[in-house]
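Here is the structure we will look at.
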Amino acid sequence: MATLLIRFTQAPYQSSASQDGLDFALAATNYGHEIIVLFEHQGVLQLNKTDSVRGTKNHSKRLGSLPFFDIEECYVCEESLKLSPLNNEKHELIAQLDASLLSIDEKLALCARVDHVVTF
C-alpha cells in the first residue's frame, strides 16, 4: 500500500484538526498504509503531555498509542521545536514515541520519499 506522511501543524485543542489527523492516521493503518508522522509549526505543542480538555478525548494519551498501531516513524521539526514556548522543557511524549528531530533539508527529503502528504 501507500506510504503516507501525516503532518500535524495545529495545536492540540485549538480546533478539531489535530484530533482529525490522529483519527486519520490510526484509521489508515487499518487499510495497510505505512504511516509516518511529522510534528511541525504549532503541531509541536501536541507533544506536551496535557490533561484532557472538557468534552474532548485526551490527545496526549491517544498520541502515545501510535506504536500500538505500528506507527513507529515519528519526526519533530527541529526549527519548530526551538521556536515553541516549550523548547526548554523535557518532552516525555517525544521520548515515548522515539521521535527524531529533522532539519529543514531532512523534511524535504522525507516529503520526497513518501507517496502522499496529508496536513492537519
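No value in this document is a laboratory result; all are computed from the given coordinates. Treat the numbers as computed from the prediction; the structure is a model and nothing was measured. Don't worry about glycine lacking a Cβ; one is built from the backbone with ideal geometry, like all the others, and counts go over all protein chains shown.
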Restricted to pairs 8 or more residues apart or on different chains, the lysines in the chain with C-alpha atoms under 19 Å apart form a number of pairs equal to 7
Tally Lys and Arg at +1 and Asp and Glu at -1 over the other residues with C-beta under 15 Å from the C-beta of Asp115: what net charge comes out? 0
Amide H to amide H under 5 Å from Val76: which residues, 5+ apart in sequence or cross-chain, H placed 1.01 Å off N in plane? Phe39, Ser100, Leu101, Leu102
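What order do you get for 93-106, 68-81 when each peptide is scored by the mean count of other beta carbon atoms within 10 Å, highest first?
Order by mean packing, descending: 68-81, 93-106.
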Please list, short to long, the whole-number percent of alpha-carbon pairs of the chain in consecutive 10 angstrom bins beginning at zero. 14, 50, 32, 4
